[in-house]
Each structure stands twice: as C-alpha cells, then as structure tokens.
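Written out below as structure tokens is the structure these notes cover.
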Amino acid sequence: MFPMLTGQQQIDVATLQAMLRAARARTLSYANQLEPDQWIGPYLDIINPPLWEIGHLGWFQEYWCLRYRPQRIPAPSLLKRTDTLYNSALVPHADRWRLALPAVDKTLAYLQDTFDAVLARISREGATEHMRYFTQLAVFHEEMHNEAFDYTRQTLGYAGPLDRQSQIEVTPLTGDANISGGKFMLGASKDNGFVFDNEKWAHEVEVLPFRMARTAVTNAEFAAFVDDAGYASRDLWDDDGWRWREQAGATAPLYWAKQGGEWQVRRFDQWMPLDLKAAIIHVNWHEADAYCKWARRRLPTEAEWEFAAATSPGNLTRKRRFPWGDALPTTAHANLYAVLFRPVDVSAFPDGDSGWGVRQMFGNTWEWTADGFEPYPGFVRDPYQEYSKPWFGNHKVLRGGCYATRACLLRNTWRNFYTPDRRDVLAGFRTCALD
C-alpha cells in the first residue's frame with residue numbers, strides 16, 4: 001500500500017492539476033531551448049542525456065499515476081518497451097546513450113500523452129488518496145529533474161535561463177546565532193502530508209547547545225581559503241578528501257579561474273566577475289570539510305540544521321514547516337526558483353530568517369551537513385525506493401534547497417543527498433563553532 005496522506009496535504013483536483021502543469025511547463029521550457037545536437041550530448045557519469053531524461057519523466061508519471069497497481073502486475077504502457085528504456089532502477093547509466101530511444105518528436109508526444117491521461121484520470125476520479133499521493137510523487141520527481149537540468153546546462157557550458165529582474169532586500173548580517181539545543185523531534189510527523197520515506201518518522205533526539213553562522217559561507221570567505229593554499233594543505237583534508245583532491249587535480253572550486261589577479265566564475269556559457277558577497281556554490285563535501293578545518297569551524301549535524309530551521313526560542317515542541325514559520329514561501333522569503341538563477345548576497349531575504357535568526361536556510365544553495373545519509377529508526381521504504389534504500393551509507397545529507405529548487409518541494413524535514421565528491425550540484429554550506 002502507499003503511505004497515508006493527512007494534515008495540510010488534503011488537496012483538491014485543481015491543486016493537483018496546477019502542480020502538474022507548473023512542473024511540465026518548466027520541463028518543456030528546458031526542452032525548447034535544446035539545440036539538435038544537445039538532445040544526446042556527451043557521455044558523463046554525473047548527467048543523463050536529455051532525450052533519455054525527458055522520456056524518463058513521461059515514464060515515471062505514467063507508471064506511478066496510471067500503471068501502478070499494488071501487489072499486481074502494472075497496467076500496459078502507452079508506448080512499447082518503456083520499462084526497458086526508462087526505468088532508472090534497471091537501465092545502467094552508460095546504456096542511456098546507447099539505447100534505441102524514440103526520436104525527439106515521439107518522445108515529446110509520449111510526454112504529452114501521459115500528461116493528458118493523468119489529468120483525465122484526476123478529472124474523472126477526483127483527488128483520491130491514490131492520485132493525491134502519486135501525482136505529488138510524480139510532480140516532485142519532475143521538479144527535481146528540472147533542477148538537475150539546470151546544473152546539466154552548467155556542467156556542459158550550455159546557455160542558461162535569463163535572470164528575472166527582482167528587487168532583493170539586503171540587511172547586512174554577520175556572526176553566529178546562539179542556539180539553546182534541547183530535545184526535539186527530528187523528521188516528519190504523520191500530519192505533515194506528503195513526505196518521502198527517508199523523512200519518516202519523527203523521533204526524539206537531543207541537541208546540545210551550539211552556535212551556527214547566521215549566513216552561509218560566501219565566495220569571498222572561500223576565496224581566502226583558496227588563496228591561503230587551502231587545497232595544498234594536507235592537514236586540512238581527511239584521507240578520502242585528499243584522495244579525491246589529488247585525483248581531481250582540484251586547486252579551486254569548480255568553474256573558478258583567476259584573470260588579472262581577480263577571480264572569475266563561469267555561469268552557464270559566460271565568464272563573469274565572482275560575486276564576493278554571494279553564497280559559495282559548486283563545492284563538494286570534502287571541500288566544505290577542509291574549509292571548516294581551515295576556519296577552525298565545523299559543518300552542522302543534520303539534527304542541528306533541522307533544529308535551527310524548525311524550532312524557535314522557548315518553543316521546541318512545535319516545529320515550523322519552514323524556517324520563517326508556516327506561511328507558504330514567497331519571493332520575500334528565499335531565493336528559490338522564480339527569483340534569480342544564481343546565488344545572491346547571503347544577507348538577502350531577512351523575511352526568511354529562522355526563529356533563531358539564521359538567514360537563508362532555504363534557497364540560494366543546498367547546504368552540506370556533517371552526517372551520512374542513513375535511515376531513521378524503524379524505517380520502512382515506500383513503493384518507490386529510489387529516494388532512500390539504494391543510497392543509504394555512501395551519501396551525505398544536504399538541507400535547504402537552492403536557487404533552482406521549486407518552492408513547493410521544500411519543508412524543514414526535507415533530506416537531499418549526494419556522494420561527497422559531487423561538486424557539479426548546486427551545493428554550498430554554512431558552519432558552526434567548534435564549541
């Protein structure tokens with residue numbers, strides 16, 4: 001059976017259909033910008049060929065919203081051989097460039113046919129528990145791939161989306177927030193509506209008092225680490241990190257280069273001066289950990305991050321859905337998808353401060369935490385296991401979302417995860433005091 005939906009996610013037909021349309025519009029916007037030779041593109045082990053990935057979105061939506069039948073054989077697909085083409089759990093990564101994939105027009109037609117069929121089923125049956133759960137699963141899956149499309153464009157140096165013009169309030173902020181610690185419930189509760197299995201379920205943990213940086217690490221702060229020979233200082237790196245650094249030949253963050261003594265950064269297909277006040281991005285866990293050692297700081301634990309985001313002074317039992325409270329995210333709260341397509345000044349968005357005065361815990365960049373990605377006590381996987389079981393043990397947890405994350409995805413309990421060597425993804429970090 002699929003997980004029960006309760007609480008604020010008792011949503012109606014119009015909401016489900018609006019979510020589907022928003023995600024699909026973003027997918028098609030990306031598809032329409034691809035040049036003919038970009039639909040397959042070069043083989044890399046950190047990206048997918050767009051032709052395969054877009055077909056996979058149609059397959060995923062069709063499989064879970066139309067074909068999935070608990071404890072029974074799935075219903076037939078609208079397109080032949082879709083399970084052998086697009087099931088990411090079964091199709092090896094390297095094979096995705098070699099498969100006899102449908103042409104672009106047929107892939108887009110399959111995408112449209114499955115989309116129309118899902119909308120029709122929702123109209124016909126209403127917002128049943130089955131359709132509420134699996135429609136949201138398909139939407140969130142598509143939105144995560146849309147975020148991946150952004151860093152794929154960055155990886156390959158393709159033209160990126162144009163920034164939207166927006167006035168952003170900046171209120172300078174420095175130093176640490178003193179956070180009391182205490183016992184609280186880490187993870188999602190059963191009245192939170194849709195959550196992934198890796199968030200289940202809330203369980204009591206005790207967090208010791210700690211001090212967390214009010215803002216994320218900036219480009220200027222990280223540049224000081226680089227200029228102080230941080231990448232060449234063996235004592236700052238653990239064994240795995242130093243092995244990665246040597247194999248990668250890393251001497252600075254990905255996409256950085258010095259020109260005339262000043263740091264430049266490549267954003268999609270253009271080089272530009274490094275924005276020193278913006279949050280650092282495209283650094284992996286090893287780089288974040290080495291910086292922390294250099295700065296005599298440390299990464300926050302996952303529990304500390306959620307404690308700082310979800311609780312407030314004097315009220316550790318009632319958890320906020322978002323750092324600022326329970327109000328749905330707006331462009332005043334965070335740099336999420338629909339504001340700008342780059343990290344901004346770490347002192348921006350004061351309206352999004354957490355109860356402890358920590359800024360931008362949502363948006364700008366995903367934030368690495370100290371912890372490995374592991375199941376919570378009593379973990380039971382959901383029907384789709386690819387957001388949990390296969391990845392436990394060798395990934396690190398990230399929290400908070402980035403500039404390319406759709407706001408509807410996020411809540412304080414959301415757990416993202418990548419291997420510690422990934423720096424193509426849209427990740428940065430903030431630090432905590434050692435004591």
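So how much slack lies between GLU206 and ASN394, counting 0.36 nm per residue of separation and subtracting their Cα-Cα distance, in nm? Show your work: numbers first, answer last.
Working: separation 188, 0.36 × 188 = 67.68 nm, distance 2.46 nm.
Computed gain between GLU206 and ASN394 is 65.2 nm.
When +1 charges are put on Lys and Arg Cβ atoms and -1 charges on Asp and Glu Cβ atoms, the dipole computed for the chain relative to its Cα centre reaches about 740 debye.
Going by neighbour counts of Cβ atoms within 10 Å, the residues VAL91, VAL118 line up, fewest first, as VAL91, VAL118. One Cα centroid belongs to segment 138-157, the other to segment 295-359; the line between them spans 23 Å. Spacing of the modelled spin labels on ASP37 and ALA109, each 7 Å from Cα toward Cβ, amounts to 2.8 nm. The shape of segment 48-204 comes out oblate: with a ≥ b ≥ c from the C-alpha gyration tensor, a/c is at least 1.5 while a/b does not beat b/c. Excluding same-chain neighbours fewer than eight residues apart, the lysines reachable from LYS389 by a Cα-Cα span under 30 Å are LYS80, LYS183, LYS190, LYS200, LYS319. Pick from SER180, SER388, SER166: which residue has the top mean-square fluctuation in a GNM of the chain where Cα pairs under 10 Å get a spring? Maximum among the listed residues: SER166.
Using the charge dipole of segment 274-365 (Lys, Arg: +1 at Cβ; Asp, Glu: -1 at Cβ; taken about the Cα centre), state which of PRO329, PRO300, HIS286 has its Cα farthest towards the positive end. Going by the Cα projections, it comes out as PRO300. Sequentially through segment 261-267, phi angles give Karplus couplings (6.51, -1.76, 1.60; θ = phi - 60°) of x, 10, 6, 10, 9, 8, 10 Hz, Gly and Pro residues having no value and appearing as x.
In what sequence do MET185, MET144, MET212 fall when counting other Cβ within 10 Å, fewest first? Walk me through the numbers on the way to the answer.
Values: MET185 18, MET144 15, MET212 24.
Final ranking by Cβ density, sparse to dense: MET144, MET185, MET212.
Tell me whether segment 133-238 comes out rounded, prolate or oblate; compute the Cα gyration tensor, take square roots of the eigenvalues as a ≥ b ≥ c, and use a/c under 1.5 as the rounded threshold. Let's see the in-between values first.
Values: a/c = 1.72, a/b = 1.09, b/c = 1.58.
Oblate.
Sequentially through segment 428-435, phi angles give Karplus couplings (6.51, -1.76, 1.60; θ = phi - 60°) of x, 5, 10, 10, 10, 5, 4, 8 Hz, Gly and Pro residues having no value and appearing as x.
Remark: the GLN264-ALA89 segment gains 59.1 nm on full extension, using 0.36 nm per residue and subtracting the alpha carbon distance.
Cross-link reach is defined here as a Cα-Cα straight distance under 14 Å, omitting same-chain residues fewer than 8 places apart; for LYS396 the aspartates and glutamates meeting it are ASP240, GLU287, ASP289, GLU302, GLU367, ASP371, GLU374, ASP421. Remark: segment 121-133, residue by residue, has Karplus-estimated 3J(HN,Hα) of 5, 5, 4, 6, 9, x, 7, 5, 4, 4, 6, 4, 5 Hz, where x stands for each Gly or Pro and the curve is 6.51 cos²θ - 1.76 cosθ + 1.60 at θ = phi - 60°.
A Förster distance of 25 Å, applied to the separation of the beta-carbon atoms of ALA229 and LEU434, puts the FRET efficiency at 0.70. A simple spin-label model places the labels of ALA327 and LYS80 5.6 nm from each other, with each point 7 Å out along Cα-to-Cβ. Among GLY325, GLY314, GLY41, the largest mean-square fluctuation in a Gaussian network model of the chain (Cα springs under 10 Å) belongs to GLY314.
Give me the distance between the Cα centres of segment 95-134 and segment 242-269, rounded to whole Å. Value for the Cα centre distance between the two parts: 40 Å.
Using every pair of distinct Cα positions in the chain, the Kirkwood expression returns a hydrodynamic radius of 22.6 angstrom.
Mind checking the full-extension length gain between ALA100 and GLN71? Use 0.36 nm per residue of separation minus the Cα-Cα distance, one decimal, nm. Display every interim value, and only then the final one.
Numbers: separation 29, 0.36 × 29 = 10.44 nm, distance 3.06 nm.
Result for the pair: 7.4 nm of gain on full extension.
With 10 angstrom as the radius, rank TRP263, TRP97 by how many other C-beta atoms surround their C-beta, starting from the fewest. If you can, show how the numbers build up before the last one.
On the way: TRP263 20, TRP97 16.
Final ranking by Cβ density, sparse to dense: TRP97, TRP263.
Among PRO350, PRO92, PRO273, the largest mean-square fluctuation in a Gaussian network model of the chain (Cα springs under 10 Å) belongs to PRO92. Here the label points at THR251 and LEU44, each 7 Å from Cα along the C-beta direction, are separated by 2.1 nm in the simple model.
Throughout, read-outs are computed from the coordinates displayed, never taken from laboratory work. All of these numbers come straight from a predicted model, not from anything done at the bench. Glycine gets a Cβ as well: all are built from the backbone with ideal geometry, and neighbour counts include every protein chain shown.
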